[in-house]
Amino acid sequence: MLSLKEIYDDARVKLEGRLTQYRLLHSISTSDIAALMAEVYGVNRDHALVAGLLHDWDKAYTDEELLKRAQQFGIEMPDDPQKLASLIHAHTGARAVAKEYPNLPPEIIQAIERHTSATTDMSPLDMIIYISDMIEPLRTAPNLPRLRSLAGNIPLDELFRACYLESLDRLIRRRRYLHPNSVEVWNTYVANDPQQHKICHGDGKKG
């Protein structure tokens, strides 16, 4: 049975053959940021390190290949699979790494599965992987410096809300398809918190 350190080392090698150079570096960077955030927010550092590294395990597959893998894994989609193709890698990747590394803690599998569309019951580890995937240093977007500055300075759930709003705003501006659960996640984490408007739009911060 492999330890988490052994899984991390083994996955680093295997990812070199699975991902593009940029995506490999992104995965390593996400892992590093996730580990730092875990230390700040009192989450298991090793879980965050491994989940961050593995989160894009299936990212290199084409949409058609991902749809086939989803079918093979018996993954049910809440809407037209063709519309959800860009999000499927999180679900197939979670199933694939669970098969590749059978002793991975379920918390890690769950965080990988939730790193794209999120859910209404995100755990602290889920939030950390979602956030780290967005704010790691190789990412470039206008609002990322502000979000990075909030990390460690506001509660984790507030940081997640700010990042989730940024993600939705970006998708809407680019006229991209939204996951059917997006409104429910929005209503759970953002719309029901009147104070969150200040953080999400940079008008101030709590903490």
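Read the figures in this text as sums done on the coordinates, not as results from a lab. These figures come from a predicted structure and were not determined experimentally.
Within the stretch 4-200, count lysine pairs with alpha carbon atoms under 21 angstrom apart where the residues are 8 or more positions apart or belong to different chains.
Going through the stretch 4-200 pair by pair, I get 9.
Counting each DSSP H run of 4 or more residues in the chain as -39500 (n - 2.57), what helix-only mean residue ellipticity at 222 nm follows after dividing by all residues, to the nearest 500 deg cm²/dmol?
Numbers: 11 runs with 125 residues, N = 207.
For the chain, the value works out to -18500 deg cm²/dmol.
With percent of Cα pairs over 24 Å apart in mind, check (i) 47; (ii) 39; (iii) 33 and report the label derived from this structure.
The calculated read-out lines up with (ii).
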